[in-house]
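The values are calculated or read from the model by the stated rules, or taken from the named source; none is laboratory data. As the structure is a prediction and not an experimental result, all values here were calculated from the model. Ideal geometry is used to build each Cβ from the backbone, glycine not excepted, and the neighbour counts take in all protein chains shown.
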Amino acid sequence: MYPKLVDQIAGGIAKAVQKATDSHAFHEFPDCLSLTHTDRLSIKLMNDALIVRNEEQKKTTIMLAQVQKGHGLLLKNETGKSVMLVRLSNHTTDSLGKLMHPSQATLFKLMRDPCGLNFSLVKASSEETVIMRVEKVMVSLQSFGKAMGFLGSDCVYWLKSPDRQTVIGHIRTKLAINSNILAVKFMSSQRDVQKRAAVVGVALLLILSEMYPQLRTLLASD
């Protein structure tokens, strides 16, 4: 009970500070510059943690998402500095989850579109401005592989600008038998590190939702 109470107090303080200041301290993901050094990542489960690897540099681990029971995933960079907290939504079906500053201030929410299997990433504010569209690809090699029993997931999404005119990147299950690995591709023209960090956060939410239900159960436990 006490850890939850402390967590709620910390989150409340972070939100109060977020509203009271115009600085960027609680409005951006910190310590994520390593995401500008590559356009291709992979995310893999290893010992109850999700490792984020640079596919362009011999699969070097650049980030690690640690499971925090009852709280979420804490994403850290290669030097151990916290980048974001990823939490699934337990109280509403309208949202898959949220991406938070390490201080526990909520920055973005991944909202389900009213119709279909798509999502919208929105700012955590009263206006809920859309900053990214997350569109499910219904027909793909991954969906065929899942139907044939070769793959455990057909998690394939395009990530686009709010007007859907610009592709930011894509997320897909790697075509590897008996291995649930998620590949993340950034468009080389999309260099904004905050958007790239948001893409990684979205990928982690989708992994929890579609690929590793055992982690979802673990995160929900006390």
One residue from LEU205, LEU182 being buried (at least 24 other Cβ atoms within 10 Å of the Cβ), at pLDDT 95 or above and closer than 21 Å to VAL67 by Cβ
LEU205
Within the group GLU210, GLU127, which residue is modelled with pLDDT under 90 and within 17 Å of the chain's Cα centre (by Cα)?
GLU210
Kindly indicate whether LEU117 is at pLDDT 80 or above, loosely packed, with under 13 Cβ neighbours inside 10 Å and in contact with a strand residue (DSSP E or B) (Cβ under 6 Å, 6 or more places away or on another chain).
yes
Can you work out which of the residues in segment 84-112 that are among the charged types (D, E, K, R) and surrounded by 14 or more Cβ atoms within 10 Å (Cβ to Cβ) is farthest from LYS160 (Cα to Cα)?
ARG87
Can you name the condition, by its number, that GLN57 falls short on among (1) under 17 Å from LEU33 (Cα atoms); (2) of a type outside the set (A, V, I, L, M, F, W, C); (3) at pLDDT 95 or above?
(3)
Might you check whether a residue that is among the hydroxyl-bearing types (Ser, Thr, Tyr), at pLDDT 75 or above, under 18 Å from ASP113 (Cβ atoms) and not in a helix (DSSP H, G or I) occurs anywhere in segment 139-161?
yes
Does VAL67 satisfy the criteria of being at pLDDT below 95 and among the β-branched types (Val, Ile, Thr)?
yes
Subset tally (residues that are farther than 25 Å from ASP31 by Cα and over 14 Å from the mean Cα position of the chain (by Cα)) for segment 62-120
12
Among residues belonging to segment 54-83 that are in contact (Cβ under 8 Å) with a residue 40 or more places away in the chain and closer than 20 Å to ARG40 by Cβ, point out the one that is surrounded by the most Cβ atoms within 10 Å (Cβ to Cβ).
ALA65
Considering every residue within segment 27-46, establish whether at least one is at pLDDT 95 or above, under 24 Å from ALA203 (Cα atoms) and in contact with a Ser or Thr (Cβ under 6 Å, 6 or more places away or on another chain).
yes
Within segment 88-99, track down each residue that is under 15 Å from GLY201 (Cβ atoms) and without any contact (Cβ under 8 Å) to a residue 24 or more places away in the chain.
SER89, SER95
Residue in segment 42-53 that is surrounded by the most Cβ atoms within 10 Å (Cβ to Cβ), counting only those that are assigned to a strand (DSSP E or B) and free of Cβ contacts under 8 Å to residues at least 60 places away in the same chain
ARG53
Selection count, segment 107-138, where residues are of a type in the set (A, V, I, L, M) and part of a strand (DSSP E or B)
9
